[in-house]
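Heads up: the structure comes next, in structure tokens.
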Amino acid sequence: MRIAVGSENPVKREATERATAALNATIATEDVDSGVPEQPMTDEETRTGARTRAERALAAGDYDLGVGLEGGVASAGDDLLLTMWAAVTDGDTMGLGGGPRFVLPDPIAARVQAGEELGPVMDDVVGAENVARSEGAAGVLTGDLVDRESALRHALAGALGPFVTDYY
């Protein structure tokens, strides 16, 4: 089985490798556009980005499955949440799964709501570069109890449901 991940981000590739380990799949990455803003601001935008990445990854080559992984934020009452969505498609069926959600601290949420992207905000907060390519906001905000890879892996496991069970 050949699976394309719609991103060259190494964390997204690792999440896919781990989530599909039992499938003996070959994983490739495809640099595709999500079709949504760099900082998705709603669950719908984030899901759309994941679906678009999955579809475009599948179409980019000779693959059995396309995978899209997208991080974003979503409002929940007075809080702004970090959210992650995954999509998997074979061209006919689309599976969707969501990852854990974390309340963003007020100072970080305020910057994102003012128009900054979460990735660069997290880089600034922790004094590092490319946090999104390592532990991510999830790792920073949970003291590495949950990192970006594991959050994306669990979202992807949910999206794989239609392809690994007969219940869908």
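Points worth noting:
- Share, in percent, of DSSP beta bridges within the chain that are antiparallel, nearest 5: 70
- Inter-part distance where segment 108-153 and segment 1-65 are each reduced to a Cα centre, Å: 20
- Bridge orientation summary for segment 1-100: considering DSSP beta bridges with both residues in this region, about 70 percent are antiparallel.
- Remark: segment 1-77 carries 44 Å² of accessible area per residue (probe radius 1.4 Å; ligands, DNA and RNA excluded).
- Within the accessible surface of the chain, defined with a 1.4 Å probe on protein heavy atoms only, the carbon and sulfur portion equals 45 percent.
- Anisotropy class of segment 1-50 from Cα gyration tensor, a/c 1.5 cut: prolate
- In this Cβ point-charge picture (+1 for Lys and Arg, -1 for Asp and Glu), the chain has a dipole of about 360 debye about its Cα centre.
- The packing ranking of peptides 96-107, 128-139, highest mean first, is 128-139, 96-107, where packing means the average number of other beta carbon atoms within 10 angstrom of each residue.
- Based on DSSP H segments of at least four residues, each scored -39500 (n - 2.57), the chain has a per-residue ellipticity at 222 nm of -11500 deg cm²/dmol.
- Annotation: peptides 65-71, 49-55, ranked by per-residue average of other Cβ atoms within 10 Å with the highest first, follow the order 65-71, 49-55.
The values are calculated or read from the model by the stated rules, or taken from the named source; none is laboratory data. Not measured: the values here are computed from a predicted model. No Cβ is skipped: glycine too gets one built from the backbone with ideal geometry, and neighbour counts run over all protein chains shown. Areas reflect the complete protein model, heavy atoms only, side chains present, ligands, DNA and RNA absent. Shrake-Rupley method; radii C 1.70, N 1.55, O 1.52, S 1.80 Å.
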